[in-house]
Amino acid sequence: MNNKCVNFRYIQKVRPYRDLTFKFYNDGRLVILDNVSEEVILPKDLKGDCREFYVHKRILFIKNKLVASQLKYA
(Lines give C-alpha, C1' and ligand atoms only; values in the text may rest on other atoms or scores of the structure.)
Protein backbone atom coordinates (compact mmCIF):
# COMPACT_ATOMS: atom_id res chain seq x y z
CA MET A 1 0.00 0.00 0.00
CA ASN A 2 1.38 3.40 -0.99
CA ASN A 3 0.34 5.51 2.00
CA LYS A 4 2.69 8.51 1.94
CA CYS A 5 2.06 11.56 4.06
CA VAL A 6 3.01 15.22 3.99
CA ASN A 7 3.79 16.89 7.33
CA PHE A 8 3.38 20.56 8.18
CA ARG A 9 4.31 22.11 11.52
CA TYR A 10 2.50 25.20 12.74
CA ILE A 11 3.10 27.26 15.87
CA GLN A 12 0.14 29.46 16.71
CA LYS A 13 1.04 33.16 17.02
CA VAL A 14 -1.55 34.09 19.66
CA ARG A 15 -2.72 32.41 22.83
CA PRO A 16 -2.95 29.47 23.52
CA TYR A 17 0.32 29.24 21.48
CA ARG A 18 -0.25 25.72 20.19
CA ASP A 19 2.54 23.78 18.48
CA LEU A 20 0.79 21.55 15.94
CA THR A 21 1.81 18.99 13.33
CA PHE A 22 -0.60 18.37 10.45
CA LYS A 23 -0.21 15.02 8.66
CA PHE A 24 -1.99 14.76 5.31
CA TYR A 25 -2.07 11.19 3.94
CA ASN A 26 -2.53 10.33 0.24
CA ASP A 27 -5.70 8.36 1.00
CA GLY A 28 -7.36 11.53 2.37
CA ARG A 29 -6.82 10.92 6.08
CA LEU A 30 -5.66 13.75 8.30
CA VAL A 31 -4.01 13.63 11.71
CA ILE A 32 -3.41 16.77 13.77
CA LEU A 33 -1.02 16.35 16.69
CA ASP A 34 -0.36 18.76 19.54
CA ASN A 35 3.41 18.50 19.90
CA VAL A 36 3.40 19.60 23.55
CA SER A 37 0.69 17.33 24.98
CA GLU A 38 1.06 14.66 22.25
CA GLU A 39 -2.73 14.53 21.82
CA VAL A 40 -4.64 14.12 18.58
CA ILE A 41 -6.80 17.15 17.78
CA LEU A 42 -9.90 17.19 15.60
CA PRO A 43 -10.25 19.87 12.89
CA LYS A 44 -13.42 21.16 14.59
CA ASP A 45 -11.32 22.03 17.67
CA LEU A 46 -9.11 24.44 15.71
CA LYS A 47 -9.69 28.17 16.05
CA GLY A 48 -8.19 31.36 14.69
CA ASP A 49 -5.01 31.36 12.67
CA CYS A 50 -4.33 27.62 13.10
CA ARG A 51 -7.76 26.91 11.54
CA GLU A 52 -6.91 29.22 8.62
CA PHE A 53 -3.59 27.41 8.20
CA TYR A 54 -5.41 24.03 8.17
CA VAL A 55 -7.99 25.19 5.61
CA HIS A 56 -5.33 26.68 3.33
CA LYS A 57 -3.17 23.52 3.42
CA ARG A 58 -6.21 21.25 2.95
CA ILE A 59 -7.32 23.17 -0.15
CA LEU A 60 -3.77 23.10 -1.53
CA PHE A 61 -3.55 19.35 -0.87
CA ILE A 62 -6.85 18.69 -2.68
CA LYS A 63 -5.82 20.85 -5.66
CA ASN A 64 -2.50 19.03 -5.98
CA LYS A 65 -4.28 15.66 -5.83
CA LEU A 66 -6.70 16.75 -8.57
CA VAL A 67 -3.87 17.96 -10.82
CA ALA A 68 -2.01 14.67 -10.29
CA SER A 69 -5.14 12.71 -11.21
CA GLN A 70 -5.69 14.80 -14.34
CA LEU A 71 -2.11 14.27 -15.47
CA LYS A 72 -2.34 10.54 -14.76
CA TYR A 73 -5.50 9.99 -16.82
CA ALA A 74 -4.98 12.64 -19.51
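Just a few scattered comments:
- Formal net charge of residues neighbouring G48 (Cβ-Cβ distance under 12 Å; K, R +1; D, E -1): +2
- From its DSSP helices (H runs of at least four residues, each -39,500 (n - 2.57)), the chain gives a residue-normalised ellipticity at 222 nm of -12000 deg cm²/dmol.
- Around D34: net Lys/Arg minus Asp/Glu count, Cβ-Cβ under 9 Å: -2
- When the chain is treated as a Gaussian network with alpha carbon springs shorter than 10 Å, the biggest mean-square fluctuation among N35, N64, N26 belongs to N64.
- Sites listed here are trypsin sites (Lys or Arg not before Pro) in the stretch 1-65 whose DSSP assignment is loop and whose Cβ has at most 14 other Cβ atoms within 10 Å: K4, K13, R29, K47.
- The chain, accessible surface, carbon-and-sulfur percent (1.4 angstrom probe): 56 percent
- Of I59, I11, I32, the one that fluctuates the most in a GNM where the chain has Cα springs shorter than 10 Å: I59
- Lysine pairs meeting the criterion (Cα under 17 Å, 8 or more apart or interchain), as found in the chain: 13
- Given charges at beta-carbon only (K, R positive; D, E negative), |dipole| of the chain in Debye: 320 debye
- Rg/Rg_ref, the chain, where Rg_ref = 2.2 N^0.38 Å and atoms are Cα: 1.22
The values are calculated or read from the model by the stated rules, or taken from the named source; none is laboratory data. Predicted model only: the values in this text are computed from it and were never measured. We place every Cβ from the backbone using ideal geometry, glycine too, and count neighbours over all the protein chains shown. Just the protein is used for accessible areas: all its heavy atoms, side chains included, with ligands, DNA and RNA removed. Shrake-Rupley method; radii C 1.70, N 1.55, O 1.52, S 1.80 Å.
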